[in-house]
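Working notes for the structure below.
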């Protein structure tokens, strides 16, 4: 079992819809959780961080964390074509470094 | 504020050649990391340095060496490049192990 798992996609949503991206992790000791966006040929950039159970909202983005289910998600409201990218889930147990999922490719159709 | 700077951005090597990838950060971060990214594989940790003067192996260290030159700089060396090392390499820095990573712009390396 991979430490951090994501559906590779592509996830295709129409413009203006809600995109829902999901991630599961295996280490119950994980303490911090991050979502990165990566455009093709570019480096990952941080979108959201979340450290405690529940929801965290920042503009059109909402991160959701459920430690009991070892599940973290990212919702993108009012999706735009510019949101088309690969979204990487990253988890940190505090021991070493972030462990990344393989990413979900999102396509927002105009 | 430059953040994390990597050089070079692109490199083509012949099998058996050596090279060093350079990384520098100006955020006064303690921890620095080298990842490689291959299609469908996500980011895999090669080596990391939790603090100045320390280095440790990550998930895929074979064929690589690192040097934490000072708090700002962390270099990755390929002593004898192999085609399997064709990848995009990212350097990242963290304030501490539990915080987010900031990435350099990446080095696209091709070994022929």
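Any read-out appearing in this document is the output of simple, stated calculations on the displayed coordinates, not a laboratory observation. Please read all numbers here as calculations on a predicted model, not as lab measurements. Glycine also receives a Cβ, built like all others from the backbone with ideal geometry; neighbour counts cover every protein chain displayed.
What FRET efficiency would be calculated for the residue pair residue B:112, residue A:8, taking the C-beta separation as r and a Förster radius of 25 Å, to the nearest 0.05?
That gives a FRET efficiency of 0.35.
In nm, to one decimal, how far is the modelled label at residue A:56 from the one at residue B:70, with both set 7 Å along Cα→Cβ?
3.4
Please state the shape class of the stretch A:40-110: rounded when a/c is under 1.5, otherwise prolate if a/b exceeds b/c and oblate if not, all from the C-alpha gyration tensor.
Note, shape of the stretch A:40-110 comes out oblate.
Got the relative contact order for chain B handy, in percent, Cα pairs under 8 Å and 6 or more residues apart?
Relative contact order of chain B: 36 percent.
Cα gyration tensor of the stretch A:8-82, axes a ≥ b ≥ c as square roots of the eigenvalues: rounded (a/c below 1.5), prolate (a/b > b/c) or oblate? Can you show the working numbers first?
Numbers: a/c = 1.83, a/b = 1.55, b/c = 1.18.
Prolate.
I need the semi-axes of the equivalent ellipsoid of the stretch B:23-73: take the C-alpha gyration tensor, multiply each eigenvalue by 5, square-root it, list largest first in whole angstrom.
Three semi-axes, in Å: 21, 12, 8.
Given a cut-off of under 8 Å on Cα pairs at least six residues apart, what relative contact order in percent is computed for the stretch A:1-106?
Relative contact order, the stretch A:1-106: 37 percent.
Assuming a ≥ b ≥ c are the square roots of the Cα gyration tensor eigenvalues, decide whether chain B counts as rounded (a/c under 1.5), prolate (otherwise, with a/b larger than b/c) or oblate.
Note, shape of chain B comes out prolate.
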